[in-house]
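Encoded as structure tokens, the structure appears first; notes follow it.
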Amino acid sequence: MTTLRSYIDPDQQMATGPTWFMTERNEHEVRCGMCARAVYVDEETLRFVSEAIESGLENPFRCEVCEEEYDDLAS
């Protein structure tokens, strides 16, 4: 059974992927290339997206919701 806690566990790992809110690691806002939702990412992901756009390509970033929808359509 899962229990909810009303405090932050310092031993719990931080989210490593994109988040819907700004975090210490994910402090850069990018827009999903499909739905234009704002998502916060780390420096490496921001650089990847920026380089693709500057090269004249479409925005390659997909939020979690669009990525799941795309995977469902592809299979």
Peptides ranked, highest mean first, by Cβ atoms within 10 Å: ranges 35-42, 67-74: 35-42, 67-74
Charge context of E51, other residues only, Cβ under 14 angstrom, K/R +1, D/E -1: -3
Residue list for the range 16-39, given a label point 7 angstrom along the Cα-to-Cβ vector of E58 and an amide N cut-off under 14 Å: 32-36
Nitroxide proxy distance, nm - points 7 Å out along Cα→Cβ at S50 and A74: 2.6
Nonlocal amide H pairs with C63, under 5 Å, H built at 1.01 Å: G33, M34, C35
Surrounding net charge for C35, when Lys and Arg each add one and Asp and Glu each subtract one, Cβ distance under 14 Å: -2
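Computed from the coordinates by the stated procedures, all read-outs in this text should not be read as laboratory data. Source: prediction; values computed, not measured. When we count neighbours, we look across all protein chains shown, and the Cβ atoms used for this are built from the backbone with ideal geometry, even at glycine.
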